[in-house]
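The values are calculated or read from the model by the stated rules, or taken from the named source; none is laboratory data. The structure presented is a predicted model; accordingly, all values stated were derived computationally and were not measured. Because the Cβ atoms are built from the backbone with ideal geometry, glycine has one as well, and the counts that use them run over all protein chains shown. Side chains included, ligands, DNA and RNA excluded: accessible areas come from the protein's heavy atoms. Shrake-Rupley method; radii C 1.70, N 1.55, O 1.52, S 1.80 Å.
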Amino acid sequence: MEIIYTDVLVIGGGLAGQRAAIGARRRGLDVTILSLVPAKRSHSAAAQGGMQASLGNCLGGSGDNEDLHFADTVRGSDWGADQEVVRMFTHTAPKAIREMAAWGVPWSRVRQGPHSITEDGEQKTITEPAAAHGLIDSRNFGGTAKWRACYVADGTGHAMLYAMSNQAIAAGIPVHERLEAIALICDGERCCGAVVRNLMTGALSAYMARATCIATGGFGRIYRVSTNAVINEGMGAAIALETGIARLGNMEAVQFHPTGIFPAGILVTEGCRGDGGLLLDGAEHRFMPGYEPEKRELASRDVVSRRMEEHIAAGHGATTRFGDHLWLDIRLLGAEHIDGKLREVKEICQYFLGIDPSRELIPVRPAQHYSMGGIRTDHNCHSRELRGLFAVGEAACWDMHGFNRLGGNSVAETVVAGMIAGESIADFCASADGSIQLATNLANDALSAQAAQLTAIADSTGNESAVELTKLMQETMTDKVGIFRRGESLQQAVQTLLELQRRSAGVRLRSSASGANPELVAAYRLPRMLKLALCVTHGALMRCESRGAHYREDYPQRDDAQWLRRTLASWPDADDTLPTLDYEALDIHRMELPPGWRGYGTKDSIDHPSTAIRETEIAQLIANYPEADRYQRQNLLMPFHHLLPPGFRGRNQRLEDTE
């Protein structure tokens, strides 16, 4: 069993992992990336509609800035986000998108002159000014005050991932493909790398590193219907949890995207609705204005998904032999628009549904889409409990999404968090904490322990099937831990998952081949996926309120008085059957934007007693400095620039600054 030494080990070859790797490499560190698949086939390529950054170039984005992006993101999170992190993100996002442009991403550009758009079901003409011609364009997305989603037609993630991968290659960063990290190597509370299994040969090796960064994406595949790729099984979060030291944050916060193609669950971008597409019911009636008069189809995803399911439950869905669904109508956008800006959607509809979306309706229903929860980190993307462990992207709980993510913010987060993590990792490696003696016996012990576990699975004489138990887990999560949750059904789900956990110890393989063996892979991943499922379900059961994507029918109000807290899940003992839950309070007195109504959805919440006090403090601060500009006012309320790496602290420039 081989031992490989590197300064920085990045587990995951998507946008977040590669950007973190590039940052660390630029600081002179030896970096190695591990990836389950060729890096350019990572799940980041599936991002379609756009990346949020407040450039304010086009007419729909005019007047946009970091303040508006911040407010939209905090409201979208239902006040579950870390507001300092949101400020770091919104400040850095314009820099990230311009960096990607310099690296070759062919962003769609503003064209001066009159253009036809579709808004609220009607055709309108807008005229883009000559000064904006050639600048990066943006489109409308849900839950935002401005058109902010910068895009490359509807292949944004694909274009970004290819440009990012080319930069990683140019930087000389090796990507070791078809390798899976199956355990972290720890020396007490210090992470020292990972035990890695070759998916082709079955060989185990130890990658020893001064810093380890997990960027493995989300865990959507614990659900039956998900827009996630089959590789999104949450193994990065799971191996962090299994250290017994690192903790996962807000695992019960799971997003369901309104427009998964029915019944397959393949994503149809929010850009369809942002560009003017409508949601229709079984009678082809547009129903969203009746529920959300202000935002209509462009309320945040959690709200639109709930309204859709409520409408179906009221008997207004379209019925097929696969079940009930609703329709997405983009016919009104016209064939030219679809061919130019939504061509991936057109191809998905043609290949998977056999329809032409410029002439026919698209069957849709909400599907699991995103994991707001993940490895809890500080603002530097560093684990708070396990030194030397970093996490970025969907695998992390940084935490800028709180309990609901806005569309386009995750693609932006991959790059922004990667930029910040790359610098943080380099700073860590340069510090006293970053210098460690990598002991061979530590690696050998970790390798032996994992080898023994794999042998035990291969030698098991039980009679259970890992594939069948995985299906039962996915059915349970979809049926009982979905968009609408109740205490009774959540308790039933916990009991079912515990029973599956017990049965998973009796999995038997039909083939004990140590090399390319999908059955063995399913067998060793299953207990880890069940642990994640229990973190989600037990966390949802304990959180007796509704916030963002976590909606309890038996506790329909957002309860700031009791639940303005972040859930932290740990698994301190391997023999435990349930995660240990702790809670981290969100301090209203440090918030720039105290809790209030989001501007859409139900206006019904229980206030925290400190909310009114903080609102008074903010009003007084602003009154004391009537001449302060927006930058000075923001700094009075919640300073954040000191948290950013020095190179990212400068102000962003916009078209309006040059006029």
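Set side by side, the residues GLU627, GLU592, GLU656 differ, and just one is under 30 Å from ARG296 (Cβ atoms) and open to solvent by 40 Å² or more (accessible area, probe 1.4 Å), which is GLU656. Quick one: in the range 354-375, which of the residues that are of a type in the set (A, V, I, L, M) and assigned to a loop (DSSP other than H, G, I, E, B) is least open to solvent (accessible area, probe 1.4 Å)? Among those that are of a type in the set (A, V, I, L, M) and assigned to a loop (DSSP other than H, G, I, E, B), it is MET372.
When you check PRO579 against the structure, is it at pLDDT 95 or above and touching a Cys at 6+ places or on another chain (Cβ under 7 Å), yes or no? Yes. Of all residues in the range 531-558, those that are touching a Lys or Arg at 6+ places or on another chain (Cβ under 7 Å) and outside any strand (DSSP E or B) total 6. On the stretch given as the range 459-469, residues that are open to solvent by 20 Å² or more (accessible area, probe 1.4 Å) and outside any loop (DSSP other than H, G, I, E, B) total 3. If the condition is being within 21 Å of the chain's Cα centre (by Cα), basic (Lys, Arg) and open to solvent by 30 Å² or more (accessible area, probe 1.4 Å), then the range 376-390 contributes only ARG384. Listed by first and then second residue, the pairs with beta-carbon distance under 7 Å, at least 6 apart or on different chains, first residue in the range 606-618 and within 22 Å of GLN634 (Cβ to Cβ), second open to solvent by 60 Å² or more (accessible area, probe 1.4 Å), are SER610/HIS589; ARG614/HIS589. Across the range 289-338, the qualifying residues are those that are open to solvent by less than 20 Å² (accessible area, probe 1.4 Å) and charged (D, E, K, R), and the one among them that is nearest to SER116 (Cα to Cα) is ASP329. Of all the listed residues (ALA421, ALA458), the sole one being out of contact with any strand residue (DSSP E or B) (no Cβ under 6 Å at 6 or more places or on another chain) and touching a residue at least 40 places away in the same chain (Cβ under 8 Å) is ALA458. Here is a check on your reading of the model: is ALA574 touching a residue at least 40 places away in the same chain (Cβ under 8 Å) and open to solvent by 50 Å² or more (accessible area, probe 1.4 Å)? So ALA574 passes the test.
Looking at GLY142, is it modelled with pLDDT under 95, open to solvent by 10 Å² or more (accessible area, probe 1.4 Å) and over 20 Å from VAL392 (Cα atoms)? Spelling it out, it is not the case that GLY142 is modelled with pLDDT under 95, open to solvent by 10 Å² or more (accessible area, probe 1.4 Å) and over 20 Å from VAL392 (Cα atoms). So is ARG273 more than 30 Å from GLY388 (Cα to Cα), of a type in the set (Lys, Arg), crowded, with 22+ Cβ neighbours inside 10 Å and out of contact with any Gly (no Cβ under 6 Å at 6 or more places or on another chain) or not? Here the answer is yes, as ARG273 does meet what is asked. I want to confirm something. Restricting to the range 470-499 and keeping residues that are surrounded by fewer than 20 Cβ atoms within 10 Å (Cβ to Cβ) and among the basic types (Lys, Arg), which single residue is farthest from GLU252 (Cα to Cα)? By that ranking, first place goes to LYS471.
For every residue, the table says whether it meets (1) more than 26 Å from LEU248 (Cβ to Cβ); (2) small (Gly, Ala, Ser); (3) within 28 Å of the chain's Cα centre (by Cα).
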position: PRO579; (1), (2), (3): no, no, yes
position: TYR583; (1), (2), (3): no, no, yes
position: ARG590; (1), (2), (3): no, no, yes
position: LYS603; (1), (2), (3): yes, no, yes
position: ALA628; (1), (2), (3): yes, yes, no
position: LEU636; (1), (2), (3): yes, no, no
position: PHE640; (1), (2), (3): no, no, yes
